[in-house]
Amino acid sequence: MKVIGLTGGIASGKSTVSKLLQERNVPIIDADKIAREVVEPGRKANKMIRKHFGDQVFLPDGNIDRPKLGQLIFGDPEKRKLLNECTHPYVRREMFKQVVWHYLTGASFVVLDVPLLIEAGLDRFVGTTVVVYCSEVLQLQRLMKRDGSTEEAASQRIRSQMPLSDKVDRADIVIDNSSDRSQLEKQVKNLIERVQPSTLTWAFEYTAPAVAFAALVVALKNYLPRALLFLGDKIAFLQGS
């Protein structure tokens, strides 16, 4: 099974691409969704955040007060790093579980939708890195329109992230979201065709681990007792000599 990493920048259109993939029945593992789930009340990440950031970033019902937490870590790399240390291990564990699930259910490929795919070093664990790109000018215009923010505030948010141009340099496939939706849909269609493995390749990738495991079991069953018996004879001979 192929694992595809999907990333981009704020207001670049990554979420739109992810939705278009879902509409075409492509399995998506959404890191943002998982990140929201792992910090729910009672979860370990929730408890760690309370331990390191205090009650001030929590609502009365135990959920995180996201605006307050955001204000606390915005512009403070050390606090942002600490928050990531509280959440990332649990996000990665859940993502891995979902990858295994999709493999066991016979998916030919799965897409990891991860905003910080490259920043977090997760691009090392995917077969293909896909970056959704648009110019910084267009990115700024879209962000201002989407959030109703000032140019200064929007620029600050964009500058706080890894530049899209740097992500493009690390990409295997670039989806240029500088035009209209129809052009974006064509690129998504081409992406699926490009990463979709052939039936033969899928069958080999899906069955090879199971065949290898079965062969290992057979080998252990047939040869391990003999090896242990031989080893026991050698030990007995050495002890008697």
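The values are calculated or read from the model by the stated rules, or taken from the named source; none is laboratory data. Keep in mind that this is a model prediction, so the values were computed, not measured. Here Cβ is always computed from backbone atoms with ideal geometry, including for glycine, and neighbour counts include all displayed protein chains. Accessible surface is based on the protein model in full, side chains and every heavy atom, while ligands, DNA and RNA are left aside. Shrake-Rupley method; radii C 1.70, N 1.55, O 1.52, S 1.80 Å.
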In segment 181-209, the residues that are of a type outside the set (S, T, N, Q), at pLDDT below 90 and surrounded by 12 or more Cβ atoms within 10 Å (Cβ to Cβ): P197, W202, A203, F204, E205, Y206
Those residues of segment 18-32 which are over 17 Å from R92 (Cβ atoms), part of a helix (DSSP H, G or I) and open to solvent by less than 90 Å² (accessible area, probe 1.4 Å), in sequence order: S18, L20, L21
Count - residues of segment 1-17 that are surrounded by 20 or more Cβ atoms within 10 Å (Cβ to Cβ) and among the polar types (S, T, N, Q): 2
Residues located in segment 134-159, provided they are under 23 Å from the mean Cα position of the chain (by Cα) and open to solvent by 70 Å² or more (accessible area, probe 1.4 Å): R157, R159
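Just name the residue that is farthest from S135 (Cα to Cα) out of those in segment 165-180 that are at pLDDT 95 or above and not in a strand (DSSP E or B).
Keep residues of segment 165-180 that are at pLDDT 95 or above, which gives 166-177.
Still in the list and also not in a strand (DSSP E or B): 166-172, 177.
Details: D166: 12, K167: 13, V168: 11, D169: 14, R170: 17, A171: 16, D172: 18, N177: 9 Å.
Per the criteria, the residue is D172.
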